[in-house]
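The values are calculated or read from the model by the stated rules, or taken from the named source; none is laboratory data. As the structure is a computational prediction, the values presented were derived from the model and not from experiment. Glycine also receives a Cβ, built like all others from the backbone with ideal geometry; neighbour counts cover every protein chain displayed. Surface areas here come from the heavy atoms of the whole protein model, side chains and all, with no ligands, DNA or RNA. Shrake-Rupley method; radii C 1.70, N 1.55, O 1.52, S 1.80 Å.
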Amino acid sequence: MRRVAVVGAGSINALGVGVEAFADGLRNARCGIASLSLFDGNSYRSSCAAEVRALGAPAWLSRPIARRASRSDLLAAIAAREALAVAGLDGAADIGIAIGATTGGMFGSEEQYRRHLCDLPPLPRSVMAATLVSTSADLLASLFRCYGPRLTVSTACSSSGNALGIAADWIRAGRARAVLCGGVDSLCRMTFSGFNALQALDTVPCRPFDRDRAGLSLGEGAAMFVLEECEQAQARGATILGEFLGYGVSADAHHITQPRPDGAGALLAMQRALQESGVAPDEIDYVNAHGTATPLNDVIETRALKTLLGPRAYRVPVSSTKSMVGHCLGAAGAIEALACVLAMRGGFVPPTVNLEHPDPECDLDYVPKMSRTQTVRTVMSNSYGFGGNNTSVVLRAWR
């Protein structure tokens with residue numbers, strides 16, 4: 001089986017623009033969750049979010065494209081350009097694109113409707129064309145001349161985890177020599193209203209695994225990777241950032257918003273990821289948890305990890321980087337996989353900030369408050385989406 005290398009990475013989220021800003025934020029336990037400014041949040045029960053501040057079209061983007069690009073498109077383009085530059089690749093006929101997303105250009109459509117209701121000058125009509133969830137992948141293909149297979153994955157919060165796995169499958173099957181893959185989602189009124197209506201948002205920055213946790217904090221951003229067949233990457237002298245070993249997928253088949261109480265779906269995704277990767281449970285050095293800070297998820301994920309890792313579960317660091325960048329929905333899996341790559345390369349474990357009062361039912365090592373210097377070789381990242389869409393990915397440091 002062809003081995004799959006990570007040769008490029010790009011990032012933008014509430015901790016900053018670029019991979020180095022993200023790494024610095026993780027290492028220094030910065031929390032990007034604050035009061036929402038993108039639109040008026042005063043009428044909501046919760047008005048805090050992990051927002052990308054002062055987002056604008058970069059100078060290298062042509063004016064016609066910048067005028068029609070959605071907020072999600074801009075996030076995706078910024079992260080993708082960095083990833084391709086790091087990989088040392090420009091577009092080519094057989095570079096594919098696989099992107100996970102859920103909201104598309106919804107924010108722009110909402111803004112157009114608001115202007116209509118308030119008798120304000122409308123935005124360009126092209127804004128409405130960017131509403132579709134697939135437009136970010138379409139834009140990246142056009143911008144960077146990627147003519148290979150192209151796919152947008154939308155499986156709720158596991159979307160970009162699945163996109164990474166599909167990209168690796170394409171490389172192993174010989175369908176693409178390299179794949180630009182990852183996830184993107186932007187904040188919008190629809191998701192903010194919906195999660196508030198579900199009473200799933202905390203009124204303060206989220207507190208994963210804490211006794212007093214009261215819900216998640218929404219975030220936005222993008223993380224993009226370039227995956228490439230290992231031998232090819234080595235032959236052209238690419239810098240290999242890590243290796244994508246495998247992924248596992250399962251369905252809870254239980255409830256539209258709640259995870260299975262027994263954690264069987266989460267466990268099955270992790271087991272399948274290890275099986276495909278050829279990795280034993282005792283080889284896992286760190287787990288980036290789904291860790292939403294909702295009452296049910298954190299307990300159920302903890303139980304599933306105990307079953308997977310056995311007695312060793314208490315010695316494996318587990319953390320939720322959502323405590324710093326919020327829950328970025330379709331982008332979450334890719335952003336958290338990037339946190340894992342940065343942990344392996346930087347020799348540290350990202351923390352769970354805001355964890356002040358441990359929950360007795362969540363009794364693993366969640367790396368509270370501050371990051372930890374530690375050699376990290378093999379990692380697992382979990383993403384569990386609404387509808388019971390579970391995905392786990394396994395990555396390893398390159399040797």
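Filtering the range 119-132 to residues that are open to solvent by less than 50 Å² (accessible area, probe 1.4 Å) and touching a residue at least 60 places away in the same chain (Cβ under 8 Å) leaves Ala130, Thr131.
So which helices (runs of 4 or more DSSP H) stay within the range 275-384 end to end and still have 3 or more residues that are open to solvent by 50 Å² or more (accessible area, probe 1.4 Å) and not hydroxyl-bearing (Ser, Thr, Tyr)? Outline the logic, then answer.
Working: elements: 295-309, 322-325, 332-346.
Filter on the range 275-384 gives 295-309.
Of the residues contained in the range 134-151, none is found to be in a helix (DSSP H, G or I), open to solvent by 50 Å² or more (accessible area, probe 1.4 Å) and at pLDDT below 90.
Taking the range 204-248 as the range and being closer than 22 Å to Ser392 by Cα, β-branched (Val, Ile, Thr) and more than 16 Å from the chain's Cα centre (by Cα) as the test, only Ile240 passes. Residue count for the range 385-399 under the criterion of being at pLDDT 95 or above and assigned to a loop (DSSP other than H, G, I, E, B): the result is 1. Against the condition modelled with pLDDT of 95 or more, among the hydrophobic types (A, V, I, L, M, F, W, C) and farther than 20 Å from Ala273 by Cα, how does Met380 come out, does it pass? It is false that Met380 is modelled with pLDDT of 95 or more, among the hydrophobic types (A, V, I, L, M, F, W, C) and farther than 20 Å from Ala273 by Cα.
Based on this model, can you work out whether Ala269 counts as in a helix (DSSP H, G or I), open to solvent by less than 10 Å² (accessible area, probe 1.4 Å) and in contact with a helix residue (DSSP H, G or I) (Cβ under 9 Å, 6 or more places away or on another chain)? The answer is yes for Ala269. Taking the range 152-169 as the range and being crowded, with 23+ Cβ neighbours inside 10 Å and either of a type in the set (Phe, Trp, Tyr) or assigned to a helix (DSSP H, G or I) (or both) as the test, the residues that pass are Cys157, Ser158, Ser159, Ser160, Gly161, Asn162, Ala163, Leu164, Gly165, Ala167, Ala168.
Of all residues in the range 53-83, how many are over 19 Å from Leu187 (Cβ atoms) and within 18 Å of the chain's Cα centre (by Cα)? Before you say what the answer is, go through the steps one by one.
Keep residues of the range 53-83 that are over 19 Å from Leu187 (Cβ atoms), which gives 58-68, 80-83.
Remaining after also requiring within 18 Å of the chain's Cα centre (by Cα): 80-83.
Total satisfying the criteria: 4.
Of the residues in the range 205-259, how many are touching a Pro at 6+ places or on another chain (Cβ under 9 Å), among the acidic types (Asp, Glu) and either open to solvent by 20 Å² or more (accessible area, probe 1.4 Å) or not in a strand (DSSP E or B) (or both)? Selection size over the range 205-259: 1.
Can you confirm whether Gly10 is at positive phi and within 15 Å of the chain's Cα centre (by Cα)?
No, not satisfied.
Screening Gly388 with (1) farther than 22 Å from Ala273 by Cα; (2) among the small types (Gly, Ala, Ser); (3) more than 14 Å from the chain's Cα centre (by Cα) gives one miss only, at (1).
Residues checked against (1) at pLDDT 95 or above; (2) of a type in the set (Gly, Ala, Ser); (3) closer than 30 Å to Glu231 by Cβ:
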{"position": "Leu245", "(1), (2), (3)": "yes, no, yes"}
{"position": "Ala264", "(1), (2), (3)": "no, yes, no"}
{"position": "Tyr314", "(1), (2), (3)": "yes, no, no"}
{"position": "Ser319", "(1), (2), (3)": "yes, yes, no"}
{"position": "His327", "(1), (2), (3)": "yes, no, no"}
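Residues that are over 22 Å from the mean Cα position of the chain (by Cα) and farther than 25 Å from Arg172 by Cα within the range 261-285 comprise Pro261, Asp262, Ala264, Asp282, listed in sequence order. Counting only helices (runs of 4 or more DSSP H) wholly contained in the range 1-117, the ones carrying 2 or more residues that are open to solvent by less than 60 Å² (accessible area, probe 1.4 Å) and within 27 Å of Lys369 (Cβ to Cβ) occupy 19-27.
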